[in-house]
Amino acid sequence: MPVLPHPHRLPLVPLLVSACLLAACGNPPPSPPAAPPASASSVSTSTSTSTSTSSTSSATLAAVTPGSSAGAAAPPPLTARNGAVPILEYHRLGAADGRWVRSYASFQADLQDLYNRGFRPVDLRDLSHSVLPVPPGTHPVVLTFDDGDPSQFTWSKTDPGTPGRDSVAGILWRFHQAHPDWSFAATFFVNKHPFGGDSQAKLAWLVSHGAEIGNHTYDHADLAALPLAAQLAEVGKEQAYLAQVLPGYRVVDFAYPYGAVPNWKQIATGTYAGVSWHFRYMALVGSNPLDSIPTATPANVPRIQVAPPAAVAHPQWRDLVWSSWEQRWLPTAHLYSVHRGSG
Ligand SMILES: [Zn+2]
């Protein structure tokens, strides 16, 4: 039986690293994974069930559950069946699909496809909830956006104070408005001064509308190439920057630039220049669904890049982009699910 690569041992290959690595990528590619994308039989069949103990989750669920009404008899508690959660990874939007670019039309189509398949978004913070905040009968998906590219947030020229339709935030926001049971949950992993200017206002807009901001280091640093003190400085400077521009907001999740993982537990918790942090989830760059949600934090979690297979240079890795997982794995995947009752 093939076994999913453990997140800590994922191959860190050019396919699976961010676009920013391309210029510096001169290393020969390591061997591809031994196994193709897992069939359902290789995905965790853990059925650990927990009852809803999180008031935050319950409140959120009530807000997104159609038909709930005050004064009615209390419905059976929501329970969750653990299983796989796809964590998708985007970088920037543009006119046409490419290795590191998703076209506006394709991104819109991705959202509709996920919606039609019964997925609803959560952010990385939500993974620590006892029951993830999605409506009963649906499955969580996490959308992540790296690097704070300008195409992730523009201001609308016709609707002041809202993100433009030519940006991730604007497309997500309008999709949420058209589909109220699709929340504005998403995780933006940023460096210093993201989104091409007006960073503080854009970050504040995202947070105030429910999105998550995560740490992606201050300078988009290759942490694996740095001594520990410099790693902590890169992480800590970004924590301090985000604390300055988002007063009162607590950053709890992290993504490795280039997918380069150092001795990760040494940076999962730290203090730099008086700023302390403890990360819950630390996002890798590739390359498979999260087969079950880690109950202990900190934990590394795998992501899946969204790119057309034809744009991937190495054929053996074309099976590891989202569209390939969607075709070969999803139809029989054991997905995390939320339902009512104890079963
Ligand atoms: Zn990056």
Here the residues within the stretch 192-222 that are within 16 Å of the ligand (Cβ to nearest atom), farther than 19 Å from residue 142 by Cα and buried (at least 22 other Cβ atoms within 10 Å of the Cβ) are 194, 195, 217, 221
Scanning the stretch 78-125 for residues that are among the charged types (D, E, K, R), more than 16 Å from residue 283 (Cβ to Cβ), at pLDDT 95 or above and in contact with a Ser or Thr (Cβ under 8 Å, 6 or more places away or on another chain) gives 92, 97, 120
If you go through 275, 261, 285, 245, the only one that is touching a Gly at 6+ places or on another chain (Cβ under 7 Å) and surrounded by fewer than 24 Cβ atoms within 10 Å (Cβ to Cβ) is 275
Those residues of the stretch 161-185 which are among the aliphatic types (A, V, I, L, M), touching a residue at least 12 places away in the same chain (Cβ under 8 Å) and away from the ligand (no atom under 16 Å from the Cβ) amount to 169, 171, 172, 185
Checked the stretch 277-327 for anything free of Cβ contacts under 8 Å to residues at least 12 places away in the same chain and either within 16 Å of residue 125 (Cα to Cα) or among the hydroxyl-bearing types (Ser, Thr, Tyr) (or both); matches are 295, 296
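Among the residues of the stretch 168-220, write down those that are assigned to a loop (DSSP other than H, G, I, E, B), farther than 30 Å from residue 262 by Cβ and either touching a strand residue (DSSP E or B) at 6+ places or on another chain (Cβ under 7 Å) or not small (Gly, Ala, Ser) (or both).
Start the filter on the stretch 168-220 by keeping residues that are assigned to a loop (DSSP other than H, G, I, E, B), which leaves 179-186, 191-198, 209-211, 216-220.
Checking the rest, the ones that are also farther than 30 Å from residue 262 by Cβ come to 179-184, 197-198, 209-210.
Across the stretch 168-220, the qualifying residues are 179, 180, 181, 182, 183, 184, 198, 209.
Name the residues in the stretch 250-289 that are hydroxyl-bearing (Ser, Thr, Tyr) and not in a helix (DSSP H, G or I), would you? Show your work before the answer.
Taking the stretch 250-289 and keeping what is hydroxyl-bearing (Ser, Thr, Tyr), we get 256, 258, 269, 271-272, 276, 281, 287.
Of everything in the stretch 250-289, those that are hydroxyl-bearing (Ser, Thr, Tyr) and not in a helix (DSSP H, G or I) turn out to be 256, 269, 271, 272, 276, 281, 287.
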Residue 237: passes all of (1) of a type outside the set (A, V, I, L, M, F, W, C); (2) free of Cβ contacts under 8 Å to residues at least 40 places away in the same chain; (3) in a helix (DSSP H, G or I) but (2)
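Which strands (runs of 3 or more DSSP E) sit wholly inside the stretch 85-158 and have at least 1 residues that are without any contact (Cβ under 8 Å) to a residue 12 or more places away in the chain? Can you show your working first?
Values: elements: 87-90, 92-94, 101-103, 119-122, 139-146.
Hits in the stretch 85-158: 101-103.
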Q) Is it fair to say residue 193 is at pLDDT 95 or above and over 29 Å from residue 300 (Cβ atoms)? A) no
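Give the stretch 241-298 a look and list any residue that's of a type in the set (Asp, Glu) and within 16 Å of the ligand (Cβ to nearest atom), or say none.
The one that is of a type in the set (Asp, Glu) and within 16 Å of the ligand (Cβ to nearest atom): 253.
Quick check, is residue 294 farther than 18 Å from residue 97 by Cβ and at pLDDT below 95? Break it down stepwise before answering.
Values: farther than 18 Å from residue 97 by Cβ: yes; at pLDDT below 95: yes.
Yes, satisfied.
The values are calculated or read from the model by the stated rules, or taken from the named source; none is laboratory data. Quick caveat: nothing in here was measured; it's all calculated off a predicted structure. For neighbour counting, all protein chains shown are included, and Cβ atoms are generated from backbone atoms with ideal geometry for every residue, glycine included.
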